[in-house]
Amino acid sequence: TKSNSKNTLASAFNNIGLINWNKGDNDEAIIFYNKSLKLFEELEDQKGIGNAQNNIGLIYWEQERLEEALYYQRKALKNYLSINHDYGIGASYTNIARLFHDIGSMDSAYFYSYLSIKNKIKTNDNYGLAISFNNLATIYEEDKQIDSALKYYTKSVDKYKELGNFGRCASSLYNLSSVYKDQYNDLSKAEEYLHEAMKYAEKSEAKSILCKIYGNLGNLYY
C-alpha cells in the first residue's frame with residue numbers, strides 16, 4: 001500500500017481472499033476478491049480480472065448461488081478468451097460445464113464439457129483432462145447413458161494412473177464401482193473396483209475418499 005504498487009496489492013488482496021476461503025470465511029473472502037478485482041480493472045489486467053472473477057464465481061458456487069456463480073464464470077471466460085489465456089479458458093469451460101450440470105441444463109453441460117476436453121488436449125493439460133473426463137462421466141451417469149459414463153470414468157482412471165495421481169485415481173475408481181453397483185447390480189465388479197480404489201487411496205493417504213470407500217464396502221457386504 002505504501003509503495004502504491006497496484007499490481008502487487010491486487011495479488012495480495014487475492015491471496016488474502018484465498019486464505020479466508022480456505023478458513024471457511026466466504027463473506028470475508030468475497031470482500032478481498034472484490035478489492036482485487038477493482039484494482040485489476042484499474043490496471044486493465046485481463047488475466048488478473050479473470051482470476052478474480054473466477055474466484056468470486058467459485059465462492060458463489062460453494063454457497064449454491066448458482067446463477068451468480070455462472071455469471072462470474074462467464075465473465076472470467078470472456079476475459080481469458082480476450083488474451084488467449086489457454087489455461088484460464090480450459091478452467092472456465094470446466095467450471096461452466098459443472099455449473100450447468102448443477103443447474104440442470106444438460107445440453108449446455110455436455111457442450112462445455114467437450115470444449116473443456118478439446119482445450120485440455122490442445123494445451124497438453126493431462127491433469128485437467130482427467131478431471132474433465134470424470135466430470136463428463138458424471139453427467140452421462142446422471143443422464144442414464146451408462147455405457148458412456150463407464151467409458152469416461154475409465155478414461156479418467158487411466159489418465160490419473162499415467163500421471164501418478166493416486167488420490168484422484170481412487171475417486172474415479174470409486175465412481176466406477178458405484179455405477180456397477182447402482183446401475184447393473186453387479187456386486188462382484190463393484191467390489192473389485194472398490195478394492196482397487198482402496199489400494200490407491202491408502203497409497204496416497206487420501207483419507208476423505210478412503211472413508212467413502214470403506215462405507216461402500218460395508219454396504220456392499222451387508
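Worth pointing out:
- Residue within region 67-76 that is closer than 24 Å to GLY17 by Cα and in contact with a Ser or Thr (Cβ under 7 Å, 6 or more places away or on another chain) present: yes
- Checked against the criteria, ASN135 does not count as outside any helix (DSSP H, G or I) and among the polar types (S, T, N, Q).
- Meets criteria (touching a residue at least 12 places away in the same chain (Cβ under 8 Å) and under 20 Å from TYR180 (Cα atoms)) for ILE103: no
- Residues satisfying the stated conditions in region 72-95, i.e. small (Gly, Ala, Ser) and over 19 Å from TYR33 (Cβ atoms): SER82, GLY90
- Listed conditions (1) in contact (Cβ under 8 Å) with a residue 40 or more places away in the chain; (2) of a type in the set (D, E, K, R); (3) closer than 18 Å to LYS161 by Cα are all met by LYS120, apart from (1).
- Residues that are among the hydroxyl-bearing types (Ser, Thr, Tyr) and buried (at least 17 other Cβ atoms within 10 Å of the Cβ), drawn from region 112-141: TYR112, SER113, SER116, SER132, THR138, TYR140
- Neighbours by Cβ (under 6 Å, 6+ apart or cross-chain): first from region 188-210, farther than 14 Å from ASN165 by Cα and at pLDDT 95 or above; second in a helix (DSSP H, G or I) and of a type in the set (Phe, Trp, Tyr): LYS189/TYR180; ALA190/TYR180
The values are calculated or read from the model by the stated rules, or taken from the named source; none is laboratory data. If you're wondering where the values come from, they're calculated on a predicted model, not measured in any experiment. No Cβ is skipped: glycine too gets one built from the backbone with ideal geometry, and neighbour counts run over all protein chains shown.
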